[in-house]
Amino acid sequence: MQYGPAVRRRKLGAELRALRAEAGLTSGEAAALVGWHQSKVSRIETGRSGVKAADVRLLLETYQVKDPHLRELLVALAGGGDEHGRHHWWHAYRGLLPPAYRDFISLESQACRVRTLETTVVPGLLQTPEYARAVTRAALGGMPEEQVEALVQVRLARQDVLRSEPPLRLSVILDEAVLRREVGGPEVLSGQLRRLLDAAQLPQVRLQVLPFTSGEHMGLISPFVILSFPNISDLDVVVLDHLTSSLYLERKEDLQAYTDAFNSLQGQALSVQDSMDYLAVLGDGA
C-alpha cells in the first residue's frame, strides 16, 4: 500500500530488473555497460531512488528492448516525454498540478483499460466542461477562476485517451446517487446525462448504473479505479481517492479483491442496455 510516486518508482524498477535479467546481465555488468556504479542500478531497481527518463532510455537500449509500447510506458513511468524527448501535455501544467495528480495522469495515459466505481460524481473521463467546472469549484473552494479553468482544461485533455488509437477501454459503474445529484444545477446535470448516454454508445465504453433498489453493496465504503496496462500485468494498480491525496494498492491480493468486487458489482448493476434506457429516462426528466 503506497502513494503515487513511490509505487511508480517501485513498478518501474521491478520491470527494469526483469528486463536486465532477460538480457542475461548482472546488475554489475549493466552498470559497467552504461558507465554507472552498480549501486545506482540497484537503487533504481528497488525503487529506492528516482530515475531520469534519459537514464531509462539508456537502460532500454542496453537491454535491447525494441517494443515501442513498452518503451513508451516505462519512459512515462519515469516522468519523461515520448521516445523523441518531447514532454507529454500535462507537463505544461506542472506548476498547477500536484505530483500525485501528474502521476495519476501519466499512468492513465498509458493504461489500456480502466475500471471504475463512482458513488459521488461522474468520472473525469466522462465529464462535460460545465460539470467539471462545478466539481472543481466545489472541491477547491476559493481558488482563482483562471486556475479553475486550467484544471477544467486538464480534465478535458485527459479524455483524449478515449479517442486515441487504440482507445482506452473504460468500464464504469455509477451509483444512482451520481445521477441524481444536481452538480452545477439542473441544466448542467441534464447536459451531463446526455453526455453519459452518448459515451455509453461508444464501443470502448461499458457503462452500468447501480440503482438504489439494489440495496447495500460493497462499493458503499469507497469509490475506486483499477488501472491495467498492456503486456505487463504486474503494473496494474488500484487507486483510492481521498480529499488531499490518492492511495495506490499494488499487492496481488488487493488487485484480486478489487477485481472481484468490480465483477460482483457489475452483476448487481443494471445491464448495459437497461442502463442506457435508464439514462434516457432521467435525461428526459432532467
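The values are calculated or read from the model by the stated rules, or taken from the named source; none is laboratory data. Every value quoted in this text rests on a predicted model; they were computed, and no experiment measured them. Cβ: placed from backbone, ideal geometry, glycine included. Neighbour counts: every protein chain shown. Heavy atoms of the whole protein, side chains included, go into the accessibility calculation; ligands, DNA and RNA do not. Shrake-Rupley method; radii C 1.70, N 1.55, O 1.52, S 1.80 Å.
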For PHE212, the accessible surface traced by a 1.4 Å probe with all protein chains present amounts, in square angstrom to the nearest 10, to 110
Just to confirm the filter: which GluC sites (Glu not before Pro) across region 168-232 are DSSP coil and have at most 15 other Cβ within 10 angstrom of their Cβ? GLU182, GLU216
Gain in length, GLN147 to ALA92, computed as 0.36 nm per residue apart minus the alpha-carbon separation, to one decimal in nm? 18.5 nm
Rounded to the nearest 500 deg cm²/dmol, what is the calculated helix-only ellipticity per residue at 222 nm for the chain, with -39500 (n - 2.57) per DSSP H run of length n ≥ 4? -15500 deg cm²/dmol
At a threshold of 8 angstrom on Cα-Cα distance, excluding pairs fewer than six apart, so keeping six or more, what relative contact order does the chain reach in percent? 19
Carbon and sulfur atoms account, in whole percent of the 1.4 Å probe accessible area of the chain, for 53
Where the only charges are on Cβ atoms (+1 Lys, Arg; -1 Asp, Glu), what is the dipole of the chain about its Cα centre, to the nearest 20 debye? 920
Taking only protein heavy atoms and a 1.4 Å probe, the highest-to-lowest accessible-area order of LEU265, LEU70 is LEU70, LEU265
Long-range HN-HN contacts of LEU207 with modeled amide H, under 5 Å: VAL172
Give the accessible surface of region 147-275 per residue, rounded to a whole number of Å², with probe radius 1.4 Å and ligands, DNA and RNA excluded. 48
Per-residue HN-Hα couplings for region 36-53, Karplus 6.51 cos²θ - 1.76 cosθ + 1.60 at θ = phi - 60°, whole Hz, x for Gly and Pro? 10, 7, 4, 5, 5, 4, 4, 5, 5, 5, 8, x, 6, 9, x, 9, 6, 4
Among residues other than LEU189 whose Cβ falls under 9 Å from its Cβ, what is the net charge (Lys/Arg +1, Asp/Glu -1)? 0
Please turn the phi angles of region 107-113 into ³J(HN,Hα) values with the Karplus equation 6.51 cos²θ - 1.76 cosθ + 1.60 (θ = phi - 60°), one per residue in order, whole Hz, x for glycine and proline. 5, 4, 5, 9, 5, 9, 8
Can you compute log10 of I(q)/I(0) for region 174-275 with the Debye formula, treating each Cα as one identical point scatterer, at q = 0.12 Å⁻¹? -0.50
